[in-house]
Amino acid sequence: LLFALCLLLTGCAYIPGGIAPSNIPIDGREYDILGPTHGRANSFLVLGIIHVGGSRFTKNAILSAKKRKKADALIDITVESRELWFGLFTIRTTTVFGKAIRFKNETQEN
């Protein structure tokens, strides 16, 4: 009975996210493509709704992807999330995929 209860309280889900042309406006700006990159960020939730340790997981995943290539921005972005449920606790992992770019004749942005 305990084993069956544990199975009912655990699970996982894959959640396809959004698609965006870039994370900041790039109209009229020249840039070099540095290559594909990705970044991840984790979020922990209690009861599936109360964030523990912050809730800016998409922003943190973008920052991680930019940092990996020392990029100014990302283009051709896709986002996906995975959730693992363990009874009262949930772990959400958000992953951002995109192409890293660096603007020409500009200093690096955050």
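The values are calculated or read from the model by the stated rules, or taken from the named source; none is laboratory data. Quantities reported herein were computed from a predicted structural model and do not represent experimental measurements. Here the Cβ is made from the backbone with ideal geometry for all residues, glycine too, and neighbour counts use every protein chain on show. The protein model used for the area step is the full one, side chains on, heavy atoms only, and it has no ligands, DNA or RNA in it. Shrake-Rupley method; radii C 1.70, N 1.55, O 1.52, S 1.80 Å.
Given the options T78, T95, T90, T58, name the one that is of a type in the set (S, T, N, Q) and touching a Leu at 6+ places or on another chain (Cβ under 7 Å).
The unique qualifying residue is T90.
So E80 passes all but one of these: (1) open to solvent by 60 Å² or more (accessible area, probe 1.4 Å); (2) closer than 15 Å to G18 by Cα; (3) among the acidic types (D, E). Which condition number does it fail?
Among (1) open to solvent by 60 Å² or more (accessible area, probe 1.4 Å); (2) closer than 15 Å to G18 by Cα; (3) among the acidic types (D, E), E80 violates only (1).
From the residues in segment 45-87 that are among the hydrophobic types (A, V, I, L, M, F, W, C), touching a helix residue (DSSP H, G or I) at 6+ places or on another chain (Cβ under 9 Å) and at pLDDT below 80, which one is nearest to E30 (Cα to Cα)?
Going through the qualifying residues, I end up with W85.
For segment 83-102, which residues satisfy the criterion of being over 30 Å from V46 (Cβ atoms) and open to solvent by 40 Å² or more (accessible area, probe 1.4 Å)?
Residues satisfying the conditions are K99, R102.
Which of the residues that make up segment 54-106 are touching a residue at least 60 places away in the same chain (Cβ under 8 Å), under 14 Å from the mean Cα position of the chain (by Cα) and over 15 Å from L34 (Cβ atoms)?
Within segment 54-106, T78, V79, E80, S81, R82, E83, T94 meet the criteria.
Would you confirm, using the coordinates I've provided, whether A61 is surrounded by 15 or more Cβ atoms within 10 Å (Cβ to Cβ), in contact with a Ser or Thr (Cβ under 6 Å, 6 or more places away or on another chain) and not in a strand (DSSP E or B)?
When the stated conditions are applied, A61 passes them.
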